[in-house]
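Working notes for the structure below.
The values are calculated or read from the model by the stated rules, or taken from the named source; none is laboratory data. Quick caveat, the model's predicted, so the values are computed rather than measured. Every residue, glycine as well, gets a Cβ built from its backbone with ideal geometry; the counts of neighbours run over all protein chains shown. Each accessible area value is taken on the protein alone, full model and side chains, heavy atoms only, with ligands, DNA and RNA left out. Shrake-Rupley method; radii C 1.70, N 1.55, O 1.52, S 1.80 Å.
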Amino acid sequence: QVQLVESGGGLVQPGGSLRLSCATSGSIFKIYAMHWSRRAPGKQRELVATITAGGSTDYADSVKGRFTISRDNAKNTVFLQMNSLRPEDTAVYYCQASVELTTTVGRYDYWGQGTQVTVSS
């Protein structure tokens, strides 16, 4: 009923930048909080950034001051601007959305398929 499609990942040198996008589509009445998380090889998934429907944001300590989450409510899209990238930022990045559907009552969480970010020289 809802699809999330991430894009923008790739290979970048340390100190470089990438901008991830996550487009949401389907039977959407309203999108509440949206999140970016990541999973590095051999590690647990880490919540990286959150943005509420009203635009309030929160970040993991490991990315504060380097990453910026934003959203375009008209396009149901969330972004993650990543600057000053480090090798330890290498991971698969996932977006997540808390969605109220047009077809049923309640909020449901949906995930994208992930996009690989590799930071290496």
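A few points about this structure:
- In segment 1-91, the inverse of the mean reciprocal separation of distinct Cα atoms equals 13.8 Å; this is its Kirkwood hydrodynamic radius.
- Each label was represented as a point 7 Å from its Cα along the Cα-to-Cβ direction; for residue 109 and residue 74 these points are 3.1 nm apart.
- Evaluating 6.51 cos²θ - 1.76 cosθ + 1.60 at θ = phi - 60° for every residue in segment 76-83, the Karplus couplings come out as 6, 10, 10, 10, 9, 8, 10, 10 Hz, glycine and proline recorded as x.
- Surface listing: 36, 111 arranged by accessible area from highest to lowest gives 111, 36, probe 1.4 Å.
- Remark: segment 5-15, residue by residue, has Karplus-estimated 3J(HN,Hα) of 10, 8, 8, x, x, x, 9, 9, 6, x, x Hz, where x stands for each Gly or Pro and the curve is 6.51 cos²θ - 1.76 cosθ + 1.60 at θ = phi - 60°.
- Sequence-distant residues sharing a close amide H with residue 32 (under 5 Å, placed H): 98, 99, 100
- Overall, segment 45-121 carries a charge dipole of about 120 debye about its Cα centre when +1 sits on the Cβ of Lys and Arg and -1 on the Cβ of Asp and Glu, all other atoms neutral.
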